[in-house]
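Asks: First the structure, which I've put down as structure tokens, then a few questions once you've had a look.
The values are calculated or read from the model by the stated rules, or taken from the named source; none is laboratory data. All values reported here derive from a predicted model rather than from experimental measurement. With ideal geometry, Cβ positions are generated from the backbone for all residues, glycine too; neighbour counts draw on all protein chains shown.
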Amino acid sequence: MQNFPEVQLAVTALKARFDAESGFASGDEPIGLILGTGLSGLGASLEDAVRVPWEELPGFRASTVQSHSGCFALGRLGPGRRLVLAQEGRRHLYEGASPAEVCMGVRVMAGLGVRRLIITNASGAINPQFDAGGLLCMTDQINATGRSPLVGPNDDAAGPRFPDMSAPFDAELRALALECARREGIRLERGVYIGVLGPQLETPAETRMYRQWGADAVGMSTVLEVIAARHLGMRVLGLSCMTNKNLPDCMAPATIEEIVATAEKSGVALARLLTAVVTSM
């Protein structure tokens, strides 16, 4: 569903708050940032930040996931004090959110002038060569949720009826992230991310199937946001903290507490990488 009338209401409300408290109307193009599971704390790196909780915006509902703070933050990041518009937390399909609700933040950021979007998440590594705690730069994605944010009448002013998805992630932004990782001494893997519905974690058979499909990491977010962003013409960079390792022949139980803890630990390196990338954009 393309909920652009609701999106415009939220854009108007959020812009009014930012204009009043930060002089947002100065004309700078903000870089968009979505912070996923266990990573909302990265928003603390923003200087002179103005935060607006989702509950104060029309069309938004509070996240039901404990590790997602649920707000927008506008602030400056890095030595170059680049303007960043961060969505701290996200809605998920498994919470009962519709695809339109899941992608509301992406559409609002586009309405506020974001043309380059960095999406982060936590995932499980299913490539046996990847390790828990490592970082992944997404080269492609598989939408295994059975949902799309573009179902229903198309708003031709927003994007085409049948958007091309031959390059969901921007090659230049990906090359920039890899170069920044090299300079920072951070190991950054490359691979395909598969998004599933959840909330249950994967069985050994499902893990084996996803690997045979060509996926390197699995999670419960991101793919719909990428589709919505590409529909709007945004350039997207996808980065993931791989919080656990799924080996189908020797699966070990993984708790959400362990996943969040690993994401927070890996978030230290991710924060350095994000700062370097944003500064170089």
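Asks: Do you know which residues across region 135-165 are among the hydroxyl-bearing types (Ser, Thr, Tyr) and under 30 Å from Pro5 (Cβ atoms)?
Replies: Going residue by residue through region 135-165, those that are among the hydroxyl-bearing types (Ser, Thr, Tyr) are 139, 145, 148.
Across region 135-165, the qualifying residues are Thr145, Ser148.
Asks: Still on this structure: Would you check which residues across region 260-281 are within 17 Å of the chain's Cα centre (by Cα) and closer than 17 Å to Leu201 by Cα and list them?
Replies: Val260, Ala263
Asks: Also: Within the group Leu35, Leu14, which residue is within 19 Å of the chain's Cα centre (by Cα), surrounded by 21 or more Cβ atoms within 10 Å (Cβ to Cβ) and at pLDDT 80 or above? Steps first, answer last, please.
Replies: Values: Leu14 fails: within 19 Å of the chain's Cα centre (by Cα).
Every option except Leu35 fails the conditions.
Asks: Do we find a residue being under 25 Å from Arg235 (Cβ atoms) and among the polar types (S, T, N, Q) anywhere in region 53-65?
Replies: Checked against the condition, which is being under 25 Å from Arg235 (Cβ atoms) and among the polar types (S, T, N, Q), region 53-65 yields no hits at all.
Asks: Which pairs have Cβ atoms under 9 Å, sit 6 or more apart or on different chains, and link a residue in region 118-147 that is at positive phi and in contact (Cβ under 8 Å) with a residue 24 or more places away in the chain to one that is surrounded by fewer than 21 Cβ atoms within 10 Å (Cβ to Cβ) and among the hydrophobic types (A, V, I, L, M, F, W, C)?
Replies: Once the first residue is at positive phi and in contact (Cβ under 8 Å) with a residue 24 or more places away in the chain and sits in region 118-147, its partners that are surrounded by fewer than 21 Cβ atoms within 10 Å (Cβ to Cβ) and among the hydrophobic types (A, V, I, L, M, F, W, C) give Gly133/Ala269; Gly146/Leu197.
Asks: Write out, first by first residue and then by second, each pair whose Cβ atoms fall under 6 Å of each other, whose residues are 6+ apart or on separate chains, and whose first residue, in region 191-219, is among the aromatic types (Phe, Trp, Tyr) while the second is assigned to a strand (DSSP E or B) and modelled with pLDDT of 95 or more.
Replies: Tyr193/Met138; Tyr193/Gln141; Tyr193/Ala217; Tyr210/Ile194; Tyr210/Val218
Asks: Suppose we keep only residues that are under 21 Å from Arg116 (Cβ atoms) and crowded, with 21+ Cβ neighbours inside 10 Å within region 38-61. Which one would you say is modelled with the lowest pLDDT?
Replies: Ser40
Asks: Scan Leu224, Leu178 and give me the residue that is of a type outside the set (Gly, Ala, Ser) and under 22 Å from Ser266 (Cα atoms). Explain how you work it out, then say what you get.
Replies: Details: Leu224 fails: under 22 Å from Ser266 (Cα atoms).
The conditions single out Leu178.
Asks: If you take the residues of region 153-184 that are small (Gly, Ala, Ser) and out of contact with any helix residue (DSSP H, G or I) (no Cβ under 9 Å at 6 or more places or on another chain), which of them is nearest to Leu232 (Cα to Cα)? Can you show your working first?
Replies: Narrowing region 153-184 to residues small (Gly, Ala, Ser): 157-159, 166-167, 171, 175, 177, 181.
With the extra rule that they be out of contact with any helix residue (DSSP H, G or I) (no Cβ under 9 Å at 6 or more places or on another chain), the set shrinks to 166, 171, 175.
Numbers: Ser166: 15, Ala171: 17, Ala175: 22 Å.
Ranking the qualifying residues of region 153-184, first place goes to Ser166.
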